[in-house]
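To start, the structure under review is shown below, and the notes come after it.
The values are calculated or read from the model by the stated rules, or taken from the named source; none is laboratory data. Bear in mind the structure is a predicted one, so any value in this text is a computation, not a measurement. Every residue, glycine as well, gets a Cβ built from its backbone with ideal geometry; the counts of neighbours run over all protein chains shown. Surface accessibility is based on the protein's heavy atoms, side chains included, excluding ligands, DNA and RNA. Shrake-Rupley method; radii C 1.70, N 1.55, O 1.52, S 1.80 Å.
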Amino acid sequence: DNFYIVQEGEIEISVNDGNEILARLSPGSSFGELALLGAGRRLASAKATITTKCLEISMKWMQKELNRGSPSIKSIFSGLAMQLQQSNSMEVKARDNGGQTAPSHPLPDSNFRSDLLDIFLRNGRYPSVALRSTTDIRNHIASKRALVVAEGGLLARKSGVNYELREGAVIGLAECLAGTPLDTEFGFCEGRLSVTAWLIDTTTALTAIRRQNIGIVGALKGLTSAITKKDLSARFSKG
């Protein structure tokens, strides 16, 4: 029900009942951001590895503030949540793969929470574009326009592992918001000449994010940082 900012100690973030450790959070990091989209929603588990002190922020208050603002903020929030789930899946698959050649893994996978895509589309208006080449993808990302895949047929390769991107796969949202490069290669499934995607203007989105109260900005920064593994305090500041 709450969002937490680590003040002292360390929090371990894991999936698969603690068998896959994704990150260890130090002071200044945050977790629990997904409570903003509904009580109980979680993509990973959190555990203190040593005696730890956290600042607890009530999600009931933050949800009221979020609902009073632009619906597009909730949409961006769900888009980042989708990308975090995707990023976590990629990290686990890369570890399990051990550098061996394997068939493409589908993303979103069977653990994907499809209601996140419903929240994304219901609260935001995004133009639909046709991606006819990998150059199209790179050009959109270079122009700070992230993508959410609307149909299957796109391939991605990251950390030596191949993925088939299906409806709801997110490309470059956290990276565009963070101003960091996208370290993924792309291609098309055999027989596909184009794929449709929804386009997100992240320059406009970042401006809107900076206008929110400090709690919501912190939650969005926390999700973006979890995906990019970067400290984004300056990037998300109002100044």
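Compared with the dominant principal axis of the Cα atoms in the chain, helix 214-228 is inclined by about 40°.
Suppose R0 equals 35 Å; then what is the FRET efficiency for Asp109 and Ala208 from their Cβ-Cβ distance, rounded to the nearest 0.05? Let's see the in-between values first.
On the way: r = 30 Å, r/R0 = 0.87.
My answer for the efficiency is 0.70.
Modelled spin labels at Glu151 and Arg68, positioned 7 Å past Cα toward Cβ, are 4.3 nm from each other. When the alpha-carbon atoms of the range 115-175 are used, the pair Rg, Dmax equals 12.0, 35 angstrom. Dimensions of the range 46-106 along the principal axes, based on C-alpha atoms and rounded to the nearest Å, stand at 48, 37, 10, largest first. Trp198 sits with roughly 50 Å² accessible to a 1.4 Å probe, with DNA, RNA and ligands left out of the calculation. The apolar share of the surface of the chain, taken as the fraction of accessible area on carbon and sulfur atoms (1.4 Å probe, ligands and nucleic acids excluded), comes to 47 percent.
All C-alpha to C-alpha distances of the chain, sorted into 10 Å bins beginning at zero, yield P(r) values of 7, 33, 37, 19, 4, 0 percent in whole numbers. Of Asn19, Asn162, Asn123, which has the largest mean-square fluctuation in a 10 Å C-alpha GNM of the chain? With Cα springs under 10 Å in the chain, the top fluctuation among Asn19, Asn162, Asn123 is at Asn19.
Using the rule -39500 (n - 2.57) for each DSSP H run of four or more residues, divided by the residues of the chain, the 222 nm mean residue ellipticity is -11000 deg cm²/dmol. Against the main long axis of the alpha-carbon atoms of the chain, helix 59-68 sits at an angle near 60°.
Once you've got the Cα coordinates, tell me which of Lys74/Lys144; Lys64/Lys229; Lys144/Lys238; Lys74/Lys229; Lys64/Lys238; Lys93/Lys230 are over 24 Å apart. The answer is Lys64/Lys229.
Which order, highest average first, do 163-171, 179-187 follow once you tally other Cβ atoms within 10 Å for each residue and take the mean per peptide?
On the way: 163-171: 21.9, 179-187: 14.7.
Per-residue mean Cβ counts within 10 Å order the peptides as 163-171, 179-187.
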